[in-house]
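Rule-based calculations on the coordinates, nothing more; no lab input. Just so it is clear, the model here is predicted, and its values are computed rather than measured. Every residue, glycine among them, receives a Cβ derived from its backbone with ideal geometry; neighbour counts consider all protein chains shown.
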Amino acid sequence: MKANKKSAFRELRNDKVLYVMLLPGLLYFLLFKYAPLYGIVIAFKDYDIFQGIWPSEWVGWKNFRDVFHYADFWIILRNTLLISLYKIIFGFPAPIAVALLLNELGNRFFKRVIQTVLYLPHFISWVVISGFILAIMSPHNGVVAFVYEWFGQEPRNLLIDPHLFRSILVASDIWKDLGWGTIIYLAALTQVDPSLYEAAIVDGAGKWKQTWHVTLPSIRNVIVLLLILRIGFLMNAGFEQILVMENPAVLNVTEILDTFVFKYGLQQGNYSFATAIGVFNSVIALVLVLAAQWVSKLFGEEGLS
């Protein structure tokens, strides 16, 4: 036992610089991720901001029953799941495809320019992007209005069309985060063994077969890992994006749990109700991550571990 303690202390002393570098990250998670978990108890209380958390009346599962019996809860939940699923189905494969295309470019300068152009939107806030979309979609002087007039049709305001608004949300989300995902997959592609391509060429494989039988299997672990993490955010359909882009005409197809919590829970002071929805979201996200991890293990992938 003493020998083990001495060995652990020696290892800690030898790697003390690494542990010091790790400390800010640990403090961040302790202060902003774990410490706020104390507030979960609000979901089980009739929270009064003037009384405080513990003096407030304990109501048990009442807030959760109120959530599930709320008139529009299931419509809001459906909107959340649909928008998130659309973003996964159409948005998750997009950076993989772009990374594969960029990986085939021989001109390094052109490749870096394309990467920079794709990556820039990641740093633009949704408020600014919303302004861009409003300007482009304007039925009076926007690009879309010009296209309609070019074909001799009356311009339409697509942003008030409930049937198209979700597509606009998904397309703008893909455009914004495409560069970030592309960089991750490009980094993974650098680890592919070149000898595998040489062997495939000897066997007569073309570019498509090389991609299908060499490239994709080589980065499969990264794809599975990112997919599991993305599934964990299934209940997060994009709060900032929808909050700045939605309007009353499309509210029935864009109201999600996060925006509902912000409007009904925080702005109106229903903190216990809002916390109950947050706990519900967290539990569902945990179940989804564990389920995705279990499925990945069934197919022989490493997953998160």
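Check region 8-29 and report whether any residue there is among the hydrophobic types (A, V, I, L, M, F, W, C), in contact (Cβ under 8 Å) with a residue 24 or more places away in the chain and more than 30 Å from Arg166 (Cβ to Cβ). Checking region 8-29: not a single residue is among the hydrophobic types (A, V, I, L, M, F, W, C), in contact (Cβ under 8 Å) with a residue 24 or more places away in the chain and more than 30 Å from Arg166 (Cβ to Cβ).
Looking only at region 107-136, how many residues end up being touching a Leu at 6+ places or on another chain (Cβ under 8 Å), among the aliphatic types (A, V, I, L, M) and either more than 25 Å from Pro95 (Cα to Cα) or in contact (Cβ under 8 Å) with a residue 60 or more places away in the chain (or both)? Qualifying residue count for the region: 3. Among the listed residues Leu100, Leu120, Leu77, which satisfies the condition of being part of a helix (DSSP H, G or I) and under 20 Å from Leu226 (Cα atoms)? Every option except Leu100 fails the conditions.
Report yes if some residue within region 97-116 is over 30 Å from Pro194 (Cα atoms) and charged (D, E, K, R); otherwise report no. Scanning region 97-116, I find no residue that is over 30 Å from Pro194 (Cα atoms) and charged (D, E, K, R), so the answer is no. In contact with a helix residue (DSSP H, G or I) (Cβ under 7 Å, 6 or more places away or on another chain), part of a helix (DSSP H, G or I), of a type in the set (D, E, K, R) and closer than 28 Å to Ile277 by Cβ: does that describe Lys111? In short, no.
Candidates are the residues of region 25-51 that are of a type in the set (Phe, Trp, Tyr) and over 21 Å from the mean Cα position of the chain (by Cα); the one that is farthest from Trp61 (Cα to Cα) is Phe50.
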